[in-house]
Structures are given as C-alpha cells and as structure tokens.
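Throughout, read-outs are computed from the coordinates displayed, never taken from laboratory work. Just so it is clear, the model here is predicted, and its values are computed rather than measured. Every residue, glycine as well, gets a Cβ built from its backbone with ideal geometry; the counts of neighbours run over all protein chains shown.
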Amino acid sequence: MKKGLLTTLVSLLALLAFANASWAQEPTGDTAAEGGEATEAKEATTDDGAADEPAPATTEGAEGTEGTEDPTPPDEATPPVTPDPTTLIPKDTPDSKKEPDKLKRDGQEAQDARKAAMKALASKHPAKDADGLEAIPASSTPIPSPSSADLMPRIEHHGYFRFRADLFNNLDLNTKGTSPIAPPLDSKERGDAQPIIQPTDADTLAGANIRLRYAPIIHLTESLRIFSTLDILDNLVLGSTPDGMRAGRIDVPIIAFSGSAEEPRIDTIGKESVVVRSAFAEVKTLFGVLRAGRMPSDWGLGILANGGGTHSSIRKGLGEPAWDCVDCNHGDFVDRIMFLTKDPIYRAFYIVFAWDFVSEGLVGYNAQNNSYGQAFDMAQADDVTQFVIALFSRPMVKQEIDERNRDFIELRKPVFDWGVYFVYRTQDADLTSKPSKGSYVGTSSYADLEPRGVTAYIPDLWARFAYSFGYQQHLKVELEGTGIFGRIDKVNSTDTIGRDLQQFGLAMESEVRLFDGYFGLNAGLATGKDSLGFGYQDILATGDPSSGQVQPNINNFRFDQNYLIDMIMFRELVGGITNAIYFNPWGAYTFPIEEAQSFNVLGARLDVITAIAPKPESTPGQASWYGLETDLKLFYEEVDRYKLELAAGLFVPGPVWTRKAKRDGTDVNYPILPTAGVYPNDLSITKDLAGEVAWTIQSNIFWLF
C-alpha cells in the first residue's frame, strides 16, 4: 500500500515536471564561457547532495587551481601594435602647407564627390548574379546567429581510456594464509600442490589491464538531458582471452598457437565486453531538477557513497580536474528517482529527495509472456526500499562557481561548504536462498521467503574549508563522518537472536600549498568488531562456522572500496579500509609547464601510510599494528587530457599479519582467509610466521576527454 502511494506521488511529480519543462529558462551568457560543458556547470547536477566533490586532496587538484591563480605576468603580455603614421595620411591629401581646416574641408568634399559618382554608376549598371539576374539588394537587417535550440539535440562527449601495468612481489607475505592473495601457481610456497611441474621460487605477479569509459550526455533541449556510462573492456587483463583458451577450438590445439584475442563473454571470463553502468534522464523545471533511472551515487569524500570515476564540469569550473578517481576499479550505482531544488525560503542551500530501489527481490514473467517482455516484481514483502534526504551548500551553478573563484582567488576570503545526508533503509522478508543465473519463478525453492526484519539509519556529515593566504598559497581541509545504526531481526530462518548495527567511519584530508610545493595529513577511522573475522570480505560476517553461532552485533564499518589511500596494504591486502585508525602524511612538488593552449605539470609525490587496528582480537595475529607503507609517484599531466604515472610502493607488514603457531599442542584454528586452503598442512604451523616485505612497481597512462 505504501509503495503504491509513493508510486502515484512520483508519477504526479514527473507529470508536473514535464508539463513545466518548457518554462524552464537558462541563465544567459554561460554557454559561450564553457562551451558544451557549460550547461552542466550552470545547473544543479549532483546525484545525491555534494555529489561532485573534488577527489581526495592530491597534486592534480592543486594544479587545476594553479591554472586559475597564475595569470600571465604583465611583462609577458603581448605589446599593443602601433600603426605606421604614414598610413593615416589620406592618399589625396593636398599640400601639407595648407591650413588644417581647409585641408579637412577639401578632403571631405572630394570624398562626397566620389560617393555620388559611385551611386550614379550603380543605378545605371545594376549588379548581376551568375545567371544574369539582378542581385537582390543587401538588407540592413543582420542575419541572426543560430540559437541553442537550433543545435538540439546534441551529444556532449566525455570519457577516458586507461592502461595500467603492474608488478607485485610477495603479496602473500609468506605467512601461509593471512594474506588474501595466494602465491604464484608454480611457487614452492604451495608445497606439493603442483605434482606435475617442478615448483620454483616464483614470488611475483605481473600483468596489464585496460578500460575505456564513455559517459555521453544527450541534450534534447535546454531542459531535457539523458546521461549514460558505459565501460568497454572493463579492467580487461591483456592476454586473458586468447582464442585457444576456450574449450572446443580444434583449430587451436594448444594456447601457444593462439592467433587472436576473443571478445570477453560471460562464458569465458565472467564478464561482457560492454557493461552499461548507468542510464538516466533529467528534466529541469521551475521548481527544481528531476532525475530518474540508474545513476552514480557519490557524496562528500566518498567513504560511504563513491561513484568511482565521474566527470563533473563543476569541478572543472573550480579549477580542478573534471575527472576524479580514474584509477578506481569499482563504482556505486543506484536505481533512483531524485528531485533536487533550492530551499524555498532563504535560497541558501540545496535540498535532495531520493527514492532508491535497492532490491526488488525475485522478478519473473507470467505464463503468457516470455523473457523479452516486461517482468514483474513477484512480491513487495522482499523489497529493500531506501529513502534519502540531503541538505548541502556548495557551488552548483555558474554564478556560484564564479563567486567562489572570486572569493577564494581574488579576494582571498575563507570559503566553507557543508552537507547533511540521511538514509533510511528497510526490508521485511527475503528469499531463503539466492536464485541461480537465468532462473525465474516456478516450483523451485527460490520462491520461498523467510522473515528478515532489517531497519537501518545512516546519517552522514560532510564539511570543507579553504583559505588562500597569498599568491599560490592556500590551506584546504575536508571532513566526512558517517554511521550505520539499526537492527536485523533474523539473519537466517534459525536465528533467534538478531543483530544490532553500530558502525562508524571518519575521514579527513588536508592540503597546504606553498607555491609549487604541497604537503598535508590524511587520517581516518573505521570501527572494528570484537569477534573473529578479518578483512573487507569478512568470511565470518554471518557467524562463526565452527560453532554455528551468529555474531550478536555488526560493528565493523567498511569504507567504500573506491576510497584509496595506498597501493598495497588496504587496497590489495585488506581489500578496503575497515577496523583501522590510519595516518597518511604526504608531500609533493610540481614543475608547471605553461603552454598557449594547455596547462601541463611534471611532479612527484611521496606518501607514508601506517595504521593500527582498534579491535586487535579480530586480526590473524591478534595484534594492533598493520605495518608501514611508503609510496612514491612520478607523474606528468596535461590537465583533463593526458596523464602518465610511474609509481613504486614498499610495504613492511606488522604483527597483524603474523600466522600463529600451535599453542599447548593445539592449533589456533583461526579461520584465516580463503587462501589458507592452498597451503599444505596449514593447521600444523609449528612456529609463528611473521609477514615479510612486499613491494610493487606500477605504470598508469590515462587519456581523458
């Protein structure tokens, strides 16, 4: 009943929005300022609040600001052209000894006489065109330039191509199971796991991968737009689809004689060649902006919701790179109906209302339909419904962007942005088991439901402060804090306890610029849990397999996997930031290269990352210190066009990663990670195995548009 009323309300809102779409007017003068990207920069285009926030404080964002703060010095400006004095003297000038007044009068009379003679000649012999017809007299009315409506529809193209090559050494840490990454297949660390070939001392994993992301915007009118995001060959490992890999290719008896690379398919590597990440439409009305469809979800620093690589003309207008997180592998996309408007009283902040279709449960077709028709949501009881409301204040339209740049760069005033984000999520029932791919409603047990009783409250606060205290000198600080609170009545049909949700996360990023040098401190907190279970993919999330007991609470907050602070420790080994208090001091130096049509920069950045576990009892080593990582990056960038990176990282693991030995004749029997199964006698460790150093070398190239 509730969902039916909401559907009716949304339908009425959409009807009202489209009825008023033709009345929506754009501010004038913006398109000429930013070309095809101006439309997005001059309107409220966020996904859910402060959706297009800058990427974490990096040298890239600083360089974008530098481009607006560093105008051409006066002594390098183009000097005015002084005309030759002789060209100012009329050809029919009389003797220069004549009086000036008479000279001027004689010249004017001669000019009038010439004009009269030309008019008489033109009337006697009118001009003719190529067919011998008299030409139509020229009109004094100027020909109007084509309006923006005459250019519709048009497509605004955005995207990037990414090439990454990387080499990792000793990611298994030589601890036989505390790392989620197993040693190479031919490594001696696997013991007798290779009975046919002779194991070696192999300890490295290397490869290269690519992705083409295309994010066009179709402008139907000034107030109607369609957005989409497509990933082509998404994170495809080069060489992973030779034509000899697929079974049944009798023309390629062994892979060594593969002659071509096949397109990725579900039945070969589990993914398709083209993946549609988002597709949604927008209409601007007198009251605000309405969006509907599958769209990126991004907010604040990105520890809760992170789009994982989005384009924003708002960021570009503020002097920052238009693309953020181009090195991200994931992305948050939601099925959403969203309405954005300004507060109706003070017009001082924006308001977002959103209805998310997180999960509809099982869908199927009726007996008279087929899989190409319209499917039905087979029950509302198993739906996961989510409502979002957000209030925020930050530049969204061109006028606000111009005012912000003037306040920050020219007037050097402190500037402040803020946002409040709240999510309410519920689910009453759920399927007893997940359906297999391609299965639909029938007589199978997949149609059986069980009570779940999920209620979650998710508040999030975000703030950003910036102050320019001199030429090419500034301070920026950004904070985001969030929590997940609620309850799950039943994890499964036999659960009689239920679990409470009490999670908290906090992140801070800071940047100080002194001319071409940058430094700062990034830090954060993600709560952990009291019981066993380690890593981002906690294998004990639903309980302890050895005892069958369900954990009473879920306290471990997990940062979004697109929030990156390092190259090895959290990104590769933990899988994401969780059960950690981390510190990340960093410094960078750039060498700007100014050219006529672009702003390029050559630079280097050094990061140091360390972390402790607030709940050491949930780690394999029953310890607090994760270790120390040092990352060095050299880069060359043509802002919003091209970027080249060469990076190296060194990780010294702490006691968190130690594999414990037998104690008093018994095994610790800690449920390590899934990699534990690849080692022989993994539960018969006779001494503690401390983690050994791991390192990586990576090269990344990005082409952006």
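Amide H to amide H distances under 5 Å link M396 with I401, where only residues 5 or more positions off or on other chains count and H is placed in the peptide plane.
Measuring between their Cα centroids, the stretch 175-246 and the stretch 331-350 lie 36 Å from each other. When each of R265, R571 is scored by the number of other beta-carbon atoms lying within 10 Å, the sequence from fewest to most is R265, R571.
For V491, the residues whose modelled amide H falls within less than 5 Å of its own, excluding neighbours fewer than 5 places apart on the same chain, are G498.
Across the cross-link table entries K342/K434; K434/K643; K398/K633; K188/K660; K476/K660, which are compared at the Cα atoms, the separations over 32 Å belong to K342/K434; K434/K643; K398/K633; K476/K660.
Here's the picture: a label point sits 7 Å out from the Cα of F422 along the beta-carbon direction, and within the stretch 321-338 nothing has its amide nitrogen under 13 Å of it.
Compute the separation of the alpha-carbon centres of the stretch 444-502 and the stretch 418-434 and state it in Å as a whole number. Centre-to-centre (Cα) distance: 10 Å.
Per 0.36 nm of contour for each residue apart, how much would the distance between A279 and F163 grow if the chain were fully extended, relative to their Cα-Cα spacing?
39.3 nm
Just subtract the alpha-carbon distance of F257 and N492 from 0.36 nm times their residue separation and send over the number in nm, one decimal.
Once the chain is fully extended between F257 and N492, it gains 79.5 nm.
Calculated FRET efficiency, V608 and D343, Cβ-Cβ r, R0 56 Å, to nearest 0.05? It comes out at approximately 0.85. Among residues other than L634 with Cβ under 9 Å from its Cβ, the summed charge is +1 (Lys and Arg +1, Asp and Glu -1). Three semi-axes describe the equivalent ellipsoid of the stretch 225-318; taken as square roots of 5 times the Cα gyration tensor eigenvalues and ordered largest first, they are 41, 15, 11 Å. Annotation for Y467 and I218: the two label points, set 7 Å from Cα along the Cα-Cβ direction, are 4.9 nm apart. With θ taken as phi - 60° and the Karplus curve 6.51 cos²θ - 1.76 cosθ + 1.60 applied, the whole-hertz 3J(HN,Hα) list for the stretch 311-322 is 9, 9, 6, 5, 4, 4, x, 8, x, 10, x, 5 Hz, x standing for glycine and proline. Taking other C-beta atoms within 10 Å as the exposure proxy, M295, M378 rank M378, M295 from fewest upward. For the stretch 397-413, putting each phi into the Karplus relation 6.51 cos²θ - 1.76 cosθ + 1.60 with θ = phi - 60° gives couplings of 10, 4, 4, 5, 5, 4, 5, 5, 4, 5, 5, 7, 8, 7, 7, 6, 9 Hz, in residue order, rounded to whole numbers and with x for Gly and Pro.
With a Förster radius of 25 Å applied to the C-beta separation of N329 and A523, the computed FRET efficiency comes to 0.60. Using the Cβ of Y467 as centre and a radius below 9 Å, the other residues enclosed give a net charge of +3, where K and R count +1 and D and E count -1.
Backbone phi angles across the stretch 351-362, fed through the Karplus curve with coefficients 6.51, -1.76 and 1.60 (θ = phi - 60°), yield HN-Hα couplings of 10, 10, 10, 9, 10, 9, 9, 5, 7, 9, x, 7 Hz in residue order; Gly and Pro are listed as x. On full extension, the segment bounded by L391 and K687 gains 101.0 nm, given 0.36 nm per residue less the C-alpha separation.
Electrostatic tally near V275: other residues with Cβ closer than 15 Å to its Cβ, Lys and Arg +1, Asp and Glu -1, net +2.
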